[in-house]
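Remarks on the structure that follows.
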Amino acid sequence: MPIPNYIPAEIEPKWQAKWEADGLYHADIDTSRPKYYALTMLPYPSGDLHIGHWYAMTPSDARARFMRMRGFNVMFPMGFDAFGLPAENAAIKHNIHPKKWTYANIDRMRKQLRSMGAMFDWRREAVSADPEYYRWTQWFFVKLYEAGLAYRKMSPVDWCPHCNTTLAREQVWGEDRHCERCGTPVIKKDLEQWFFKITRYADELLSYDTIDWPERVRTLQTNWIGRSEGASVFFKTEAGDTLEVFTTRPDTLWGATFMVLAPEHPLVDRITTPEQKQQVEEYKFQAARQSDIQREAADKEKTGVFTGGYAINPVNGARIPIWIADYVLMTYGTGAIMAVPAHDERDFAFARKYGLPVVVVVQPEGMPPLDGATMAEAVPAAGTMVNSGPLTGTPGSEAFERIIAYLEAKGTGHRTVNYRLRDWLISRQRYWGAPIPMVYCRDCGVVPVPEDQLPVLLPDDVEWLPTGESPLKLHPTWRFTTCPKCGGPAERETDTMDTFMCSSWYHLRYLSPRYDKGPFDPKEYSYWMPVDLYTGGIEHATMHLIYTRFFHKALRDMGITEGPEPMVMLRNQGMVLGEDSEKMSKSRGNVIAPDDLVRAYGADTVRAYLMFFARWDQGGPWNSSGIEGTARWLRRVWTMISETTGPEAGAQKPAADEQTIRILRRKVHQTLKALTRDFETLEFNTIISGLMELYNEMSKARQAGAAGTPAWDEAIDIYLRMLAPVAPHVSEELWQYTGKPYSIHTQPWPSVDEEAAAQEQITLVVQVNGKVRDRISLPADVSQEGAKSAALESEAVKKLLDGRPARQVIVVPGKLVNVVV
């Protein structure tokens, strides 16, 4: 039988078809084995898989395959996050229905996903735009509403006055914030919208005790939630209104010389005097055209307008002016701040610009007495309280508690905790999303759609007008319905849900995508949840990954889910950059198309190179010549194994000596030990380099006559099993060629022979007082006492000791001995 050629285009489709036909990767409940739920973030059906999808998914697949070989019952599902704005943009641009565009893309991407050779269980596929899916998205909305976690309130949106429609963040372009469709300057407009009370779970979301998530993600989430301890302080305006302020430094109240409100603050219109009205309105309009990020930018010049109104400082009765400024946001705290310019750089710059007084109320230790009139810059509020009425002289360590007690005794403030986290705005004035299942009845008010009437289906017969306004508002019949309570005429909510709602629970739908008695089968949940490993991009740290945690916790409190968290372990991949080290984009012309690579090299080579070219958690620039090296390695592995095993192996006569066999077995089992650790820790680049190094050692052993020996057969067996998670097709083909039973992907992970892996001799560095003085060769299993004795017998050490006893001898096993004189 001739040695076969390695032709990926023939091998890979053959095995993919067989695996699918045999249901090789079907994951079913099996209580005899420990379960392992491996999950990678589902893609948006944009039309084509890009190299970033492959970079996230194929190493995740290799890890899932490894866990299966380790004896776990592994579920690794896939689906599509199918609702979203790009489908609507395509509808307007190409005059194609979003549904048709989306499902055509899903068909294409499903084929591309299959070309990876991943162990996806396609029976569990879930598509968020399927009515069978969003029926339960709507059901969850109703449950959150019934639990008091969903509510409506007025909230600003980006609005194009020319198109007469709301705009998503992606549709507002440029620093001047204009509409992408018509170029008109965008403004803010208040609309009544739906929110989820994620803030109720803020403190619990700050606890990571039960999850193994990267430090960077935990930090990003902690900062996003932004927990601050401080005080709520109540000022009175001269018009008699209460103006609440949150401050983390209530001990500086005596230094508050003016107040600043967000331009959107509800009291602005009441306190603005007629003389200031025009300036205030103009300033409000300009502020409404900026994003929160622009308004808060540290390098942005601080501007503001005096309202003409005044407030009374509750601690000293001082009359202080009220300004509006765009750097104060309604989305943080109360939308009002007390300004203490002596101890805050931003307030100081504002005060000097507009001629407002500066009063020092904290004297830092070791500095001469400060004078607000002559200060050149603000100083930190760290020191003793001064100019602070009855609290003057209070040390900084006591200041916070004393001012809290003072405010509470006077009834003008109290201790409180504030969060940067805002409630989750769920409403989208869009068509291609899950309809919010609420109706509005003139008599009954807001009424949720009953469960037996779900899903509220999106109508297909819609027209796309150039204004881009949601067709749900303009549909002649869809929004008109009857009230579920009284049967009278009612109107449907025409907003749809944020797509992050759909992706907050897709891991639950994978459990039983065709189950129709609930969002998931409780038996499947009991066996598979929680997710054991979740992989995806760190860019989702402060949106999806917070939302899905909130969602789980809220459902847990309703008795729908169990446990503290939905995902136990999280790992993030880096980004594949173009060969120019820039982010890939069509405009730069540096996009790498995985389909082209598969045609040129095969999926196994693409998988292996993506695991090899950079640390998986960091990413790096693509290198076209690098993938050539990976392709050569796999071809050489193919040649080595096909020439030394299987039908052709009988012609070879073993001629290796014991030393060759010993070195071969040592390298095989050392590599196996290292790769086992690397698979466990997701160090994919060293997995590939380890396999490449072992191939080189095996080539030397083959030249020394090892082929045909039991040690060679063991080496081939272990090599193929280690290769299988990385390159599933070529390993399956070679496994079959060597006469082993189908399939390699049902074989156990090999066991390390520690005796074979042990180094026969090791070299220890010998130091005297931390400086290298000698190197000694010792048995690999030398004891610490043996290493000490050998080091002290070193001629170099004896010379430096000069007959004196060593004060201490420190042994770092396997590395060094340090003699302290």
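The values are calculated or read from the model by the stated rules, or taken from the named source; none is laboratory data. Only a predicted model underlies this, so the values are computations on that prediction, with no experimental measurement involved. Backbone-built Cβ (ideal geometry, glycine too); neighbour counts: all protein chains shown. For accessibility, only protein heavy atoms count, side chains too; no ligands or nucleic acids. Shrake-Rupley method; radii C 1.70, N 1.55, O 1.52, S 1.80 Å.
Normalised by the number of residues in the chain, the mean separation of alpha-carbon contacts (under 8 Å, six or more apart) gives a relative contact order of 14 percent.
Using only Cα atoms, locate the centre of the range 549-573 and the centre of the range 418-464, then give the distance between them in Å, rounded to an integer. Cα centroid of the range 549-573 versus Cα centroid of the range 418-464: 24 Å apart. Using only side-chain charges placed at the Cβ, +1 for Lys and Arg and -1 for Asp and Glu, the dipole size of the range 496-621 relative to its Cα centre rounds to 140 debye. A 1.4 Å probe, protein heavy atoms only, puts the accessible area of Val245 near 0 Å². Extension gain for the segment Lys410 to Trp224, taken as residue separation times 0.36 nm less the Cα-Cα distance, is 63.6 nm to one decimal.
Pairs of Lys residues in the range 228-418, spaced 8 or more positions apart or belonging to different chains, with C-alpha separations under 18 angstrom: 5 in total. Excluding ligands, DNA and RNA, the accessible surface per residue across the chain is 44 Å² with a 1.4 Å probe. Among the trypsin sites (Lys or Arg not before Pro) within the range 1-44, not one is in coil by DSSP while having at most 12 neighbouring Cβ atoms inside 10 Å.
Projected label points at Gln286 and Asn316, each 7 Å from Cα along the beta carbon direction, are separated by 3.1 nanometres. Round to a whole number: what % of the accessible area of the range 592-732 belongs to carbon and sulfur, probe 1.4 Å? Result for the range 592-732: 47 percent of the exposed heavy-atom area is carbon or sulfur. The shape of the range 383-466 can be summarised by an equivalent ellipsoid whose semi-axes, obtained from the alpha carbon gyration tensor, come to 57, 17, 12 Å from longest to shortest. Return the lysines within reach of Lys111: Cα separation strictly under 18 angstrom, same-chain partners fewer than 8 residues apart disregarded; answer none if there are no such residues. Straight-distance partners of Lys111: Lys14, Lys18, Lys100. In the chain, a dipole from Cβ-located charges (positive for Lys and Arg, negative for Asp and Glu) runs towards its positive end, and of Ile762, Gln112, Ala674 it is Ile762 whose Cα lies farthest in that direction. Using a probe radius of 1.4 angstrom, the carbon and sulfur fraction of the accessible surface of the range 67-169 is 50%. A DSSP coil position with no more than 10 other Cβ atoms inside 10 Å describes none of the chymotrypsin sites (Phe, Trp or Tyr not before Pro) in the range 293-374.
Matching the structure-derived percent of Cα pairs over 54 Å apart against the labelled list (i) 25; (ii) 11; (iii) 31 gives the label (iii).
Each Lys or Arg adds one and each Asp or Glu subtracts one; over the other residues with Cβ under 15 Å from the Cβ of Lys740, this totals -4. Other residues within the sphere of radius under 9 Å centred on the Cβ of Tyr6, judged by their own Cβ, net out at 0 (K and R +1, D and E -1). In the chain, what % of DSSP beta bridges are antiparallel (nearest 5)? That works out to approximately 75 percent antiparallel. Solvent-accessible area assigned to carbon and sulfur over the range 391-480 amounts to 52 percent, based on a 1.4 Å probe. Charge dipole (Cα centre; +1 on Lys/Arg Cβ, -1 on Asp/Glu Cβ; no other charges) of the range 613-757 amounts to roughly 280 debye.
Straight-distance candidates among the aspartates and glutamates for linking to Lys523, with alpha-carbon spacing under 16 Å and chain neighbours fewer than 8 residues away dropped: Asp28, Asp30, Glu562. Qualifying GluC sites (Glu not before Pro) in the range 298-388, where qualification requires a DSSP coil assignment and no more than 13 other C-beta atoms within 10 Å, comprise Glu301, Glu365, Glu377. In straight-distance terms, cross-link reach from Lys815 covers every one of the lysines whose alpha-carbon lies under 23 Å from its own, apart from those fewer than eight places away in the same chain; here that gives Lys667, Lys673, Lys771, Lys788, Lys798, Lys799.
Magnitude of the charge dipole for the chain, about its Cα centre and with charges confined to Cβ atoms of Lys, Arg (+1) and Asp, Glu (-1), is about 420 debye. Considering only alpha-carbon pairs that sit under 8 angstrom and 6 or more positions apart, the relative contact order computed for the range 358-467 is 13 percent.
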